[in-house]
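Input: a single structure, listed below in structure tokens.
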Amino acid sequence: MNAAVGLGLPRAHAGTEGLAETDADRSTKLAAIRAGELGSVHSWELVTAVDGPGTRMTVFLSGCPLRCLYCHNPDTMEMRRGHTVSADEILGRLTRYKTVLNATGGGLTVSGGEPLMQAPFTARLLEGARALGLHTALDTSGFLGDRCTDPMLDDLDLVLLDVKSGLPDTYRRATGRELQPTLDFGRRLNDRGVAIWVRFVLVPGLTDSAENVAAVADHIVGFGGAQRVEVLPFHQMGRDKWSELGLRYQLDGVAPPTAESVEAVRETFRARGLTAF
Ligand code: SF4
């Protein structure tokens, strides 16, 4: 999710199941995927002070319904590019790191891609992490928020919600999808008592108009209780991945926003009583 900017970090590749794709195994495997026992995983990494409080294991799932023009990890967009991994394997790793994660107030963040593309698998990871006594977070655009069940919300301490635009037209241009599901999910999170940290990527010429930024701020206020807003300046670190995948990258030549313009956007949020950095 996006994990739009934070995905530029180095990370270890997840282990693979090595399952043979034979006809005999296929239905068993599909049933396991539907049950959330198996998932398509891009990678995982241990991070500190990113993707939530403390030291965390962030697991990046493959597959995303959005097509953000500024995506830094377009290799996470297609589920078929991921490795098939069992929830038990990830939870086993999490168990091994439990002591250090707990000591820092950290835990598990499920990210992507879009983790709600694989909602049953995400649910298993969150439930397992919660059973270990770890802090849990979901990094999502909210576009598939209706796939997040109430029991999943009850296993969540925090949602990192990417609000990619405030104006529906701009959202459509930036992502190829609709804004409204994100707004519905933000309000639902607040009603359910799940903490929200909003992320907004500032892209010159795409998301940085005063009207769009003001609309983002108004929507966040409308959620009712976002703890903070992080303004992430666009950069070009993901550009080469697009051409490696044979995809057309449309933001060539777009410069990162100036420090002043990023700060001005933060001030727009602060003027509405939000904590922004
Ligand atoms: S396309 Fe998907 S993975 Fe890429 S930035 Fe957008 S939401 Fe994130």
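Observations
- Some residue of the stretch 142-163 being of a type in the set (S, T, N, Q), touching a strand residue (DSSP E or B) at 6+ places or on another chain (Cβ under 9 Å) and at pLDDT 95 or above: no
- Total residues in the stretch 102-114 satisfying the condition of being part of a helix (DSSP H, G or I) and in contact with a Leu (Cβ under 9 Å, 6 or more places away or on another chain): the figure is 1.
- Odd one out for residue 171 among (1) assigned to a helix (DSSP H, G or I); (2) surrounded by fewer than 22 Cβ atoms within 10 Å (Cβ to Cβ): (2)
- Scanning the stretch 58-71 for residues that are modelled with pLDDT of 95 or more, touching a helix residue (DSSP H, G or I) at 6+ places or on another chain (Cβ under 8 Å) and over 30 Å from residue 203 (Cα atoms) turns up nothing.
- Residue in the stretch 38-51 that is within 20 Å of residue 93 (Cβ to Cβ), more than 15 Å from the chain's Cα centre (by Cα), in a helix (DSSP H, G or I) and modelled with pLDDT of 90 or more present: no
- Residues that are surrounded by fewer than 17 Cβ atoms within 10 Å (Cβ to Cβ) and either within 10 Å of the ligand (Cβ to nearest atom) or among the β-branched types (Val, Ile, Thr) (or both), drawn from the stretch 34-49: 48
- For the stretch 61-101, residues that are within 9 Å of the ligand (Cβ to nearest atom) and in a helix (DSSP H, G or I) total 2.
- Scanning the stretch 115-153 for residues that are charged (D, E, K, R) and either more than 27 Å from residue 165 (Cβ to Cβ) or not in a helix (DSSP H, G or I) (or both) yields 124, 127, 130, 139, 150.
Conditions tested, residue by residue: (1) among the β-branched types (Val, Ile, Thr); (2) surrounded by 17 or more Cβ atoms within 10 Å (Cβ to Cβ); (3) more than 19 Å from the chain's Cα centre (by Cα).
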position: 222; (1), (2), (3): no, no, yes
position: 228; (1), (2), (3): no, no, no
position: 238; (1), (2), (3): no, yes, no
position: 269; (1), (2), (3): no, yes, yes
position: 272; (1), (2), (3): no, no, yes
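- Matching option when the condition is buried (at least 24 other Cβ atoms within 10 Å of the Cβ) and either more than 19 Å from the chain's Cα centre (by Cα) or not hydrophobic (A, V, I, L, M, F, W, C) (or both), among 88, 139: 139
- Residue 249 being assigned to a helix (DSSP H, G or I) and under 24 Å from residue 78 (Cα atoms): no
- Filter pass, residue 199 being closer than 17 Å to residue 182 by Cα, among the basic types (Lys, Arg) and at pLDDT 95 or above: yes
- Filtered residues of the stretch 184-218 (kept if within 16 Å of the ligand (Cβ to nearest atom) and in a helix (DSSP H, G or I)): 185, 186, 216
- Hits in the stretch 50-60 - residues which are of a type outside the set (A, V, I, L, M, F, W, C) and within 15 Å of the ligand (Cβ to nearest atom): 51, 58
- Among the residues listed as 163, 110, the single one being closer than 18 Å to residue 53 by Cα, β-branched (Val, Ile, Thr) and in contact with a Ser or Thr (Cβ under 7 Å, 6 or more places away or on another chain): 110
- For the stretch 88-115, a residue qualifies if it is polar (S, T, N, Q) and over 30 Å from residue 65 (Cβ atoms), and the qualifying residues are 95, 99, 102, 104.
The values are calculated or read from the model by the stated rules, or taken from the named source; none is laboratory data. Keep in mind that this is a model prediction, so the values were computed, not measured. Quick reminder, even Gly has a Cβ in these numbers, built from the backbone with ideal geometry, and neighbours come from all protein chains shown.
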